[in-house]
Amino acid sequence: MKILALETSGSACSVALRAGGALLVHRREEMLRGQSEALLPMIREAMREAGLGFPELDLVAATVGPGAFTGIRIGLAAARGIGLAARLPVLGVTTFEAIGEAAGWPPALLAAVDSRRDDVVFVQMLPDGPPLAVAPESLAEHVPQGPLRVAGDAAERVLSLLGPRAERLPALADAAAVASLAARRFRPGVTLPAPRPLYLRPADTTAPKR
């Protein structure tokens with residue numbers, strides 16, 4: 001099975017191609033902005049390096065959030081566009097799940113995603129805790145007592161809030177993890193629902209002046 005995976009919800013833009021149970025190509029560039037300009041060239045380069053055309057793929061996968069609003073939309077739009085043009089199924093996974101896959105799913109894992117705001121942090125206890133947008137000062141009320149492992153691009157912030165009982169794991173949401181997770185979840189012939197963005201807080205907007 002050949003899978004193209006995209007991850008643009010956080011502070012990087014990454015693309016991965018997986019086939020036959022192995023990672024063929026992986027591209028990752030750290031960036032807070034600019035995914036809209038970087039993503040399509042990265043996809044083209046990855047496909048060229050793998051020697052594949054889009055019709056040869058079996059699946060496109062992308063993160064649905066939470067994370068940066070613009071990044072989520074860019075990744076999903078690209079995945080849907082490729083899926084529509086090449087008549088491919090599109091599978092969505094959450095940013096939390098991508099972090100869990102990158103970390104190897106250890107017990108007591110708290111996935112932490114940067115909300116880009118000081119008053120909110122996105123977290124989920126994996127594998128099956130609820131995804132939450134919580135105020136930093138109340139974070140300890142929403143996670144279990146005892147030692148925790150923390151991963152994701154907001155891990156440093158969460159460590160400062162939870163203290164020495166929390167251990168950081170160097171795992172981030174990445175397209176390689178998205179591809180690996182998608183390979184286990186996808187079943188050929190099963191119709192997939194259209195992936196929808198996961199937003200845990202309203203968008204920052206400014207009312208127009210009259």
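The table below lists the values:
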read-out	value
Tally of residues being acidic (D, E) and either part of a helix (DSSP H, G or I) or more than 18 Å from the chain's Cα centre (by Cα) (or both) across the range 120-156	3
Matching entry among A62, A68, A102, A111 (being modelled with pLDDT under 95, under 14 Å from the mean Cα position of the chain (by Cα), within 29 Å of R157 (Cα to Cα) and not basic (K, R))	A68
Those strands (runs of 3 or more DSSP E) lying entirely in the range 1-59 with at least 2 residues modelled with pLDDT of 95 or more and among the basic types (K, R)	22-30
Failed item, numbered, when A85 is tested on (1) buried (at least 23 other Cβ atoms within 10 Å of the Cβ); (2) among the small types (G, A, S); (3) not in a loop (DSSP other than H, G, I, E, B)	(1)
Looking only at the range 9-56, and only at residues there that are of a type in the set (S, T, N, Q) and touching a strand residue (DSSP E or B) at 6+ places or on another chain (Cβ under 7 Å), the one that is surrounded by the most Cβ atoms within 10 Å (Cβ to Cβ)	S9
Only listed residue being crowded, with 23+ Cβ neighbours inside 10 Å and on the phi > 0 side of the Ramachandran plot, chosen from G92, G67	G67
Residue selected from the range 71-99 under the condition of a type in the set (D, E, K, R) and closer than 28 Å to D128 by Cα, by the criterion farthest from the chain's Cα centre (by Cα)	R80
Lone unmet requirement of (1) out of contact with any helix residue (DSSP H, G or I) (no Cβ under 8 Å at 6 or more places or on another chain); (2) within 14 Å of E7 (Cβ to Cβ) for P106	(2)
Selection within the range 1-27 - of a type outside the set (S, T, N, Q) and either within 15 Å of the chain's Cα centre (by Cα) or more than 18 Å from F186 (Cβ to Cβ) (or both)	L4, A5, L6, E7, G10, A12, C13, V15, A16, V25, H26, R27
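For (1) of a type outside the set (S, T, N, Q); (2) in contact with a strand residue (DSSP E or B) (Cβ under 9 Å, 6 or more places away or on another chain); (3) in contact (Cβ under 8 Å) with a residue 60 or more places away in the chain, each residue gets a yes or a no:
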position: A62; (1), (2), (3): yes, yes, yes
position: R80; (1), (2), (3): yes, yes, yes
position: L84; (1), (2), (3): yes, yes, no
position: T94; (1), (2), (3): no, yes, yes
position: S115; (1), (2), (3): no, yes, yes
position: Q124; (1), (2), (3): no, yes, no
position: G129; (1), (2), (3): yes, yes, no
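For (1) modelled with pLDDT of 95 or more; (2) out of contact with any His (no Cβ under 6 Å at 6 or more places or on another chain); (3) over 25 Å from I43 (Cα atoms); (4) assigned to a loop (DSSP other than H, G, I, E, B), each residue gets a yes or a no:
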residue: V158; (1), (2), (3), (4): yes, yes, yes, no
residue: G163; (1), (2), (3), (4): no, yes, yes, no
residue: A171; (1), (2), (3), (4): yes, yes, no, yes
residue: A177; (1), (2), (3), (4): yes, yes, no, no
residue: A182; (1), (2), (3), (4): yes, yes, no, no
residue: R187; (1), (2), (3), (4): no, yes, no, yes
residue: A194; (1), (2), (3), (4): no, yes, no, yes
residue: T205; (1), (2), (3), (4): no, yes, yes, yes
residue: P208; (1), (2), (3), (4): no, yes, yes, yes
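The values are calculated or read from the model by the stated rules, or taken from the named source; none is laboratory data. Please read all numbers here as calculations on a predicted model, not as lab measurements. Heads up, the Cβs are rebuilt from the backbone with ideal geometry, glycines too, and the neighbour counts pull from every protein chain shown.
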